[in-house]
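A.B. asks: Can you keep this structure in mind? I'll have questions shortly.
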Amino acid sequence: MDPSLTYPPDADLRRLLRFEPDSGAIWLGERRMVLLHTAALTALRHDLITSVGKEQARRLLTRMGYACGLHDAGFAAKTRGSKTLEDMFLVGPQLHMLEGAARVTPVRLEMDAAAGHFDGEFRWDDSWEAHAHRLKYGVVDEPACWTLLGYASGYTSAFMGRLILFKETQCAACGADHCLIQGRPIEEWPDGDAHRQYFEDDSLLEKMAALSQQVEALKSSLEPAESGGMLVGTSPGFQRAHDLMRRAASTQVTVLLTGETGVGKERFARALHAHSERAAGPFVAVNCAALPAELIEAELFGVEKGAFTGAHAARAGRFERAEGGTLFLDEVGDLPMPAQAKLLRVLQEGEIERLGSESTRKVNVRLVAATNVNLETAVARGQFRRDLFYRLNVYPICIPPLRERQSDIEPLAGHLLARFSALHHKRLDGFSDRALQALVKHDWPGNVRELENLVERGVILAAQGGVIEAEHLFPNQPDVAHDGLDPQGHLARRAPQDEELLCERVLDSGMPIESLEARVLALAVERSRGNLSGAARLLGLTRAQLAYRLKREQATDTD
Ligand SMILES: [Zn+2]
């Protein structure tokens, strides 16, 4: 074995593994994992072989392994981006061991990333898959570590940026003492082409993906562009609101949109307009809360020249500008009393009167009002006219808050991701599992608007070509208590403040840092019963680093 091929300490990889029994999740970095019984996997493997045949089962399992390797390759640059190319590559074999596949020993590793050259040989002891195969089929003629090989190929292909094929030159399933694997670019294997089928997409799956894309395209073409494709959702509450909107569109009825702030009331109003016969006419939006009370009447109904000081010219109000179209009055509950009286007249008579004018004008405008306050309560408090409330409340549509539409969060986030990626010229591979879980768990006080802001921030923060991670969306989230692997490999609870407390106690003890180090080193050696390699592992050091430190200790002792 090449002596340079010793594993660097794997503390960086252990740290990736987090057990969160309270939330029922296990994480490897941002990727969600599960703990499976090899007995169950063995049974699944056997069922696959009996139901679809050996060749097809081998293909499916190779592809599953390939996907695992592909995902794990993302951790290489992330954890050891600043280390040597070899140390970075060894993340794969070390993670494969941590995940329980086999004991992996590098035999030979030649790599030239720029030239795309790869030639590697590894030894696997105790492959779970070789055990599983022998258990069901006894000693066989052909190597059987399909998922493990898929992993090696997937990891290395992603690492090298080209398809690297690994094959077993001997396998424990064939009666050997251990398995041996070799990897090279697929073109360099004489029978490489015959192996391509194990990595290629299933044509059936491809067809299904194409079909579902067609359906998506159809859906989005049904959605008018004016809504920005944002009326996305299949949850019952959202569908109910959407159906009500579609049915109101073809009529002239005044619509009242209710719901918390940020649920997308203006988008609903725009979609209603776009689906109506008025679609070719103007859509004019007014936020009643954003206009000062003394200006609101002039803004809505217009002014005649000289109506008040400063009215130098006649000006049309929003009602006139919405002629033939739709006027959207947002936060209608904030309308001052005098303006409420005038609005009621417009709704009753279908005509407006500019400020300072003696005459009235007919207007043909469809009114859509929206509020995030309860208008009935406002009526009871005397802040809103009862008669106007009845006029507006002919056709109420309540848009549910995002936290009541959990199943819509993922498709909505996907839509926003596509939109903001295009806007910010980013190519992203979606959200990490952890980011998606954080999105679904979040309470969303700011509803869809808050989701929009978070996804846009995520798109900006994520690395080009990468995924949006939880910390890109929620940068200031406190770290939750979780279980991780301690150096002995046991699960240990880690509260985020533990390390902080430990440091504080060390400081408070007044112990000099040298004697602290000496005592910790001595304890590690004692716990591993004098075995320096074992002690080094406990400390997250290499054996050489530990030996150096111990030597330095002895030198200072004898000084
Ligand atoms: Zn094998």
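The values are calculated or read from the model by the stated rules, or taken from the named source; none is laboratory data. Note that the coordinates shown come from a computational prediction; the quantities given were computed from them, not determined experimentally. Heads up, the Cβs are rebuilt from the backbone with ideal geometry, glycines too, and the neighbour counts pull from every protein chain shown. Quick note on the areas: whole protein, heavy atoms, side chains included, nothing else; ligands and nucleic acids left out. Shrake-Rupley method; radii C 1.70, N 1.55, O 1.52, S 1.80 Å.
A.B. asks: Which of F384, L257, V107 sits closest to the plus end of the dipole of the chain, meaning its Cα is farthest towards the positive end, when Lys and Arg get +1 and Asp and Glu get -1 on the C-beta?
C.D. replies: Going by the Cα projections, it comes out as F384.
A.B. asks: Still on this structure, please answer the following. Do you know the Lys pair count in the chain for C-alpha distances under 30 Å, with sequence separation 8 or more or different chains?
C.D. replies: 24
A.B. asks: Using Cα atoms only, what is the angle between the long axis of helix 337-349 and the major principal axis of the chain, expressed in degrees (0 to 90) to the nearest 10?
C.D. replies: 70 degrees
A.B. asks: Okay, next question. So for T147, T79, what's the accessible-area order with a 1.4 Å probe, most first?
C.D. replies: On the way: T147 15, T79 35 Å².
Highest to lowest solvent-accessible surface, that is T79, T147.
A.B. asks: Charges at C-beta only: +1 for Lys and Arg, -1 for Asp and Glu. How large is the resulting dipole of the stretch 35-105 about its Cα centre, in Debye rounded to 20? Write out the running numbers ahead of the final one.
C.D. replies: Working: 9 positive and 6 negative charges, 20 e Å.
Roughly 100 debye for the stretch 35-105.
A.B. asks: Set the Förster distance to 35 Å, then compute FRET efficiency between V394 and N453 from the Cβ-Cβ distance, nearest 0.05.
C.D. replies: Working: r = 34 Å, r/R0 = 0.97.
Taking R0 as 35 Å, the efficiency between V394 and N453 is 0.55.
A.B. asks: Now for a separate question. Within the stretch 408-452, name every residue whose backbone N is under 17 Å away from a label modeled 7 Å from Cα of N476 along the Cβ vector.
C.D. replies: 443-446, 450-451
A.B. asks: A further question follows. Give the peptides 511-521, 156-166 in descending order of average Cβ contacts within 10 Å, highest first. Kindly include the intermediate steps, with their values, before the conclusion.
C.D. replies: Values: 511-521: 12.5, 156-166: 20.2.
Ranking, from highest mean packing down: 156-166, 511-521.
A.B. asks: For E410 and V253, what is the calculated FRET efficiency with R₀ set at 30 Å and r taken between the beta-carbons, to the nearest 0.05?
C.D. replies: Details: r = 34 Å, r/R0 = 1.12.
Efficiency, rounded to the nearest 0.05: 0.35.
A.B. asks: Could I ask something else about it? Between A11, V459, A316, whose Cα lies farthest towards the positive end of the dipole of the chain when Lys and Arg beta carbons carry +1 and Asp and Glu beta carbons carry -1, centred on the Cα centre?
C.D. replies: The residue sitting most towards the positive pole is A316.
A.B. asks: Here's another thing I want to ask about it. Amide H of I397: which non-local residues (sequence gap of 5 or more, or other chain) have their own amide H closer than 5 Å, using H built in the peptide plane?
C.D. replies: Counting only residues 5 or more places away or on other chains, the set is L256, L257, T258.
A.B. asks: Moving on. Which ³J(HN,Hα) values in Hz, rounded to whole numbers, follow from the phi angles of the stretch 374-386 under the Karplus curve 6.51 cos²θ - 1.76 cosθ + 1.60, where θ = phi - 60° and Gly and Pro get x?
C.D. replies: Once rounded to whole Hz, the list reads 7, 5, 4, 5, 4, 5, 4, 8, x, 9, 9, 5, 4.
A.B. asks: Now for a different question. For the chain, divide the Cα radius of gyration by the Kirkwood radius and give the resulting Rg/Rh value with two decimals.
C.D. replies: A ratio of 1.14.
A.B. asks: Can you give me the solvent accessible area of D177 with a 1.4 Å probe, rounded to the nearest 10 Å²?
C.D. replies: 120 Å²
A.B. asks: Run lengths n ≥ 4 of DSSP H only: what is the helix-derived mean residue ellipticity at 222 nm for the chain, with -39500 (n - 2.57) per run over all residues, to the nearest 500? Write out the running numbers ahead of the final one.
C.D. replies: Values: 24 runs with 270 residues, N = 559.
Taking each H run of at least 4 residues, the total per residue is -14500 deg cm²/dmol.
A.B. asks: Once both axes come from the Cα atoms, what is the angle between helix 54-80 and the longest principal axis of the chain, in degrees from 0 to 90, rounded to 10?
C.D. replies: Once rounded, one gets 80 degrees.
A.B. asks: Just the accessible area for M64, please: 1.4 Å probe, Å², rounded to the nearest 10?
C.D. replies: 90 Å²
A.B. asks: Where the only charges are on Cβ atoms (+1 Lys, Arg; -1 Asp, Glu), what is the dipole of the stretch 273-358 about its Cα centre, to the nearest 20 debye? Numbers along the way, then the final one.
C.D. replies: On the way: 8 positive and 14 negative charges, 35 e Å.
Charge dipole of the stretch 273-358: 160 debye, to the nearest 20.
A.B. asks: Only Lys, Arg, Asp and Glu count, each charged at its Cβ (+1, +1, -1, -1), so figure out the dipole size of the chain about its Cα centre, rounded to 20 debye. Let's see the in-between values first.
C.D. replies: On the way: 65 positive and 78 negative charges, 278 e Å.
Charge dipole of the chain: 1340 debye, to the nearest 20.
A.B. asks: Nearest 10 degrees is fine. How inclined is helix 265-275 to the longest principal axis of the chain, computing both from alpha carbons?
C.D. replies: 70 degrees
A.B. asks: Considering only protein heavy atoms, what per residue accessible area in square angstrom results for the stretch 306-450 with a 1.4 angstrom probe? The partial results should precede the final answer.
C.D. replies: Numbers: 7190 Å² over 145 residues.
Result: 50 Å² of accessible area for each residue.
A.B. asks: Which one, Q437, P400, G489, projects farthest toward the positive side of the charge dipole computed for the stretch 384-496 from Cβ point charges (K/R +1, D/E -1)?
C.D. replies: It is P400, whose Cα lies furthest towards the positive end.
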